[in-house]
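Peer 1: Here it is: the structure, laid out below.
The values are calculated or read from the model by the stated rules, or taken from the named source; none is laboratory data. In this text the structure is predicted, and so the values were computed from the model without any measurement. Please note: Cβ atoms are built from the backbone with ideal geometry, for glycine as well, and neighbour counts cover all protein chains shown. The area values use the complete protein model at the heavy-atom level, side chains included, leaving out ligands, DNA and RNA. Shrake-Rupley method; radii C 1.70, N 1.55, O 1.52, S 1.80 Å.
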Amino acid sequence: MISKKTKYGLKALVYAAKQQCRDRVRIATIAEEENIPHKFLESIMLELKKAGYLGSRKGKGGGYYLLKTPDSISISEIYRVLEGPIAPVPCVSLNFYEKCDDCDNEANCEIHQLMVRVRDSTLNIYNNTFISDLID
């Protein structure tokens with residue numbers, strides 16, 4: 001299950017992508033249109049900006065805008081920025097691997113093998129779905 005943070009981040013990026021290229025959108029507008037708590041959205045937008053997906057401009061006519069094209073932003077990238085590992089358990093994570101304390105041999109662990117398949121299926125969908133695919 002994804003967190004509200006990731007869900008709201010994806011909704012905000014889709015909203016920004018629906019605007020004309022480089023048009024700035026205000027957080028208040030996104031929050032109102034997408035029913036996202038304003039303060040929570042502020043922190044999400046700052047994380048996406050720090051990660052290089054959004055730019056911003058202050059003052060009159062200011063707001064956030066996409067720095068990358070919607071067809072170049074994969075869901076897996078955004079998921080990792082906002083959520084962290086995609087893997088359901090640490091022992092199958094590609095980027096955040098941790099050995100399980102209760103497992104002596106991952107190669108013989110049935111749960112490990114199942115979670116590898118879950119990770120691979122999920123990763124395939126996230127890697128091959130882009131913000132542009134979520135636009136109506």
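Peer 1: Is it fair to say residue 47 is open to solvent by 30 Å² or more (accessible area, probe 1.4 Å) and in contact with a Cys (Cβ under 7 Å, 6 or more places away or on another chain)?
Peer 2: no
Peer 1: For the range 56-87, how many residues are without any contact (Cβ under 8 Å) to a residue 60 or more places away in the chain, surrounded by 14 or more Cβ atoms within 10 Å (Cβ to Cβ), within 16 Å of residue 17 (Cβ to Cβ) and not aliphatic (A, V, I, L, M)?
Peer 2: Number of matching residues: 7.
Peer 1: Given 14, 25, which one is more than 23 Å from residue 129 (Cα to Cα), open to solvent by less than 40 Å² (accessible area, probe 1.4 Å) and touching a residue at least 40 places away in the same chain (Cβ under 8 Å)?
Peer 2: Only one candidate passes the filter, namely 25.
Peer 1: Considering 42, 33, which residue is under 15 Å from residue 82 (Cβ atoms) and among the charged types (D, E, K, R)?
Peer 2: Going through 42, 33 in turn, the sole match is 42.
Peer 1: A further question on this structure: Is there a residue being in a helix (DSSP H, G or I) and either open to solvent by less than 70 Å² (accessible area, probe 1.4 Å) or farther than 18 Å from residue 48 by Cβ (or both) anywhere in the range 92-101?
Peer 2: Within the range 92-101, one or more residues are in a helix (DSSP H, G or I) and either open to solvent by less than 70 Å² (accessible area, probe 1.4 Å) or farther than 18 Å from residue 48 by Cβ (or both).
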